[in-house]
Amino acid sequence: MQGHDLLWIYGNRAYQASYGVAVPWEDPRGRRWLPIEKKRWNRALSSVWIAVEQAFGRTQVLWTYTAFHKGVEVGWQPVPAYFIVAVLLTNCYTCLRGNSNAGSQFLVPPLSLEEYLTLQ
């Protein structure tokens, strides 16, 4: 995509590195054998991972039904639909509240609810 910034998705060790997916570096002998540049990369990704996990945690705290271990089962309920709606409502809550840990981490102020829902 020439002329556009590449956006990356953070994938933990369960994912493979591929176009647009950033994963931590590993060495079969252990992390201490990694060169300093790769250790820095892993440290930077770790701080992003924490912010993302906090955002998922906020969704589960606000909408406990999305905490899958509490009774939601794929095949019995529309789990993806529940989760998408929970994220949408969490984002609306964040807009109304005016701050978020993830937004602070990335220096991005929250939108107004009208901007988020594109009502303007």
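Read the figures in this text as sums done on the coordinates, not as results from a lab. In this text the structure is predicted, and so the values were computed from the model without any measurement. Backbone-built Cβ (ideal geometry, glycine too); neighbour counts: all protein chains shown.
Some points to look at:
- Sum of side-chain charges, residue 34 neighbourhood, beta-carbon under 12 Å (Lys, Arg +1; Asp, Glu -1): +4
- Cα Rg, Dmax (largest Cα-Cα span) when computed across the range 20-66, Å: 14.8, 43
- Karplus-derived HN-Hα couplings along the range 49-61 (A = 6.51, B = -1.76, C = 1.60, θ = phi - 60°), whole Hz, x at Gly and Pro: 4, 4, 4, 5, 4, 5, 5, 5, x, 4, 4, 5, 5
- Zone of residue 97's modelled label, taken as backbone nitrogen in the range 42-67 under 20 Å from a point 7 Å along Cα→Cβ: 48-67
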